[in-house]
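So the structure is just underneath, and the comments pick up after that.
Values in this text are rule-based calculations from the coordinates and carry no lab data. In this text, all values refer to a predicted model and were calculated from it rather than measured experimentally. Heads up, the Cβs are rebuilt from the backbone with ideal geometry, glycines too, and the neighbour counts pull from every protein chain shown.
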Amino acid sequence: MCSFKIKKLSIVLLTLVSMTIVGCKPTEKNYKSAYDAAVSKRQASETLDADLGIPGVKLQQVDGPATKVVNGDTVYVAVQHLKFVDGEEHEMHRYNVAVSAYKMKTNCAALVSDLFSKGYQAFGVQDPEGMFYVIAGSFDSLEEAATFDKSFQTKEKKHVYSGLPSAPVIIERR
């Protein structure tokens with residue numbers, strides 16, 4: 001009788017453990033569905049705000065990039081030390097327009113590839129804290145970078161600025 005209970009308990013435990021292991025695997029499909037859900041939620045929120053006449057509230061980190069007015073437009077600007085990802089060198093000027101930031105290099109590389117296929121001279125860089133930034137354009141002046149910033153936002157309306165305050169950030173490299 002006791003061995004029957006032990007066998008039954010072990011089968012139940014083994015089944016639960018196997019279900020947990022199989023059910024928790026991250027897959028591309030899981031990531032894609034989570035991304036699509038986040039985009040849908042953001043679009044629904046923007047639509048609701050517009051319908052109600054409420055200006056959209058965008059969260060910003062307190063210690064995040066500062067805002068500056070350039071040519072009448074408000075842009076985010078930060079100062080960072082940057083290095084190329086995997087030693088791949090590109091033409092990097094003083095002002096670089098970052099359109100996403102990731103903790104994982106593979107996410108950065110995927111977006112760089114996507115933007116490059118759309119005609120942008122995109123490349124990846126890394127800051128001293130290990131964050132990977134996707135740079136969509138690099139410029140000598142803040143004015144040129146701000147113009148590109150606004151142009152990118154106009155052309156790429158569906159772009160999600162992962163890791164950034166819902167807009168590109170111009171990184172002044174030191």
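The table below lists the values:
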quantity	calculated
Exposure proxy ranking, count of Cβ atoms within 10 Å, fewest first, for Thr106, Thr147	Thr106, Thr147
Cross-link pairs Lys83/Lys103; Lys83/Lys105; Lys32/Lys103; Lys118/Lys155; Lys105/Lys155 - those with Cα-Cα distance over 21 Å	Lys105/Lys155
Pairwise label distance in nanometres, Thr15 with Glu172, each label 7 Å out on the Cα-Cβ vector	6.5
Residues of region 136-152 with amide N under 11 Å of a point placed 7 Å along Cα→Cβ from Asp73	143-152
Taking Leu111, Leu13 and counting other C-beta atoms within 10 Å, the order from fewest to most	Leu13, Leu111
